[in-house]
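The values are calculated or read from the model by the stated rules, or taken from the named source; none is laboratory data. No experiment lies behind these values; they were computed from the predicted model shown. Neighbour counts are summed over all protein chains in view; Cβ atoms, including those assigned to glycine, are modelled from backbone coordinates with ideal geometry. Surface accessibility is based on the protein's heavy atoms, side chains included, excluding ligands, DNA and RNA. Shrake-Rupley method; radii C 1.70, N 1.55, O 1.52, S 1.80 Å.
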Amino acid sequence: MLDALKKRRAIRQFVDREVECEKIELLLEAATYAPNDRMREPWHFYVMQGDSLKGYEKVALEFLEKRFPTKLHLVESSMKAITNTPLIIAVTSAMVEGDEGATKDNLFAVSSAIMSIWLMAEQLGLGMVWRTRGVGLVHDTALHTYIGASHQEQLVGTLCIGYPAEEITTPKKRTPFSEKTTWL
C-alpha cells in the first residue's frame with residue numbers, strides 16, 4: 001500500500017481515448033467504501049463525458065473569460081486542462097442543515113472517497129487530477145448549477161480522469177513524517 005501511495009501522481013495530460021464504462025463503475029464503487037460518519041454516505045457523483053463534458057467546457061470557458069478578461073493566454077492554458085480530458089467526475093458532499101459538525105464530517109468522508117477513486121484509477125491504469133480552483137469551479141456556482149446539484153450539496157472536487165499521456169517516474173518530494181509529528 002505504501003508503494004501505491006508513493007507512486008500516486010496528479011496526471012494532467014491524457015491520450016485521446018475514452019474511459020470504459022466498466023472502469024468508471026469500478027472507480028465509483030471504490031469510492032462508496034470510504035469511511036463515513038453514521039453511514040450517511042454523503043457523496044454524489046456527476047459523470048461527464050461526450051455532450052455533457054462539452055457543456056462543462058462552455059461553463060468553464062465563460063467563467064474563465066469573466067475572471068481573466070485581459071489574460072487570454074491563461075484562459076487558453078486553463079481550458080486545455082479539460083478539453084484534453086475524456087472523463088470528468090464532479091463530486092459533491094451532503095450538507096446537514098443545522099449541524100455544522102456533521103457537514104464537516106461529510107466533507108472528510110467525501111475527501112476519502114475521492115482518494116479511493118484516485119487509488120483505484122492507478123490500479124486500473126488511469127491517471128487523475130483532483131481540481132478545485134480555476135477550471136475545477138469548486139468555489140463558484142456555475143458548475144453546481146450546470147450539474148443540477150441541490151442546495152443541500154457542496155461541490156468538493158472536479159476529477160479529471162483518463163489514460164496518462166506519459167508516465168511520471170520522478171520521486172515525489174515530501175517532508176519526512178518525523179518533521180510533522182509530535183509524539184505525546
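Out of all DSSP beta bridges in the chain, what portion is antiparallel? Express it as a percent rounded to 5.
About 95 percent, rounded to the nearest 5.
Solvent-accessible surface of protein heavy atoms, probed at 1.4 angstrom with all chains present, puts C21, C160 in the order C21, C160, largest first.
For the pair E25 and E65, a Förster radius of 41 Å applied to the C-beta separation gives a FRET efficiency near 0.70, rounded to the nearest 0.05. Residues whose amide H comes within less than 5 Å of that of G157, counting only those at least five positions distant or on another chain, are V91 (H built at 1.01 Å from N in the peptide plane). Rounded to whole numbers, the Karplus 3J(HN,Hα) couplings from phi for the stretch 86-99 are x, 9, 10, 10, 8, 10, 10, 10, 6, 9, 9, 4, x, 9 Hz, using 6.51 cos²θ - 1.76 cosθ + 1.60 with θ = phi - 60°, and x at Gly and Pro. Counted as membrane-span-like here are DSSP H helices of the chain whose alpha-carbon atoms extend 27 Å or more along the helix's own axis and whose Kyte-Doolittle mean is -0.5 or above; these are 100-123. Modelled spin labels at L72 and L184, positioned 7 Å past Cα toward Cβ, are 5.7 nm from each other.
Annotation note: GluC sites (Glu not before Pro) in the stretch 89-184 located in DSSP loop regions with a Cβ neighbour count of at most 15 within 10 Å are E97, E166, E167.
Sites listed here are chymotrypsin sites (Phe, Trp or Tyr not before Pro) in the stretch 1-84 whose DSSP assignment is loop and whose Cβ has at most 14 other Cβ atoms within 10 Å: Y33. Rounded, prolate or oblate for the chain? Axes are the square roots of the Cα gyration tensor eigenvalues, ordered a ≥ b ≥ c, and the cut-off for rounded is a/c under 1.5. Note, shape of the chain comes out rounded. The calculated 222 nm mean residue ellipticity attributable to helices in the chain amounts to -13500 deg cm²/dmol, summing -39500 (n - 2.57) over DSSP H runs of n ≥ 4 and dividing by all residues. Among V135, V47, the sequence by solvent-accessible area, most first, with a 1.4 Å probe is V47, V135. Straight-line cross-link reach from K71 at under 15 Å between alpha-carbon atoms covers these aspartates and glutamates, not counting any fewer than eight positions away in the same chain: E62. Taking all protein chains together and a 1.4 Å probe, the residues H44, H139, H144 rank H139, H44, H144 from largest to smallest accessible area.
One chain, two ends: R17 and D51. Fully extended at 0.36 nm per residue, the span grows by 10.7 nm beyond their Cα-Cα distance.
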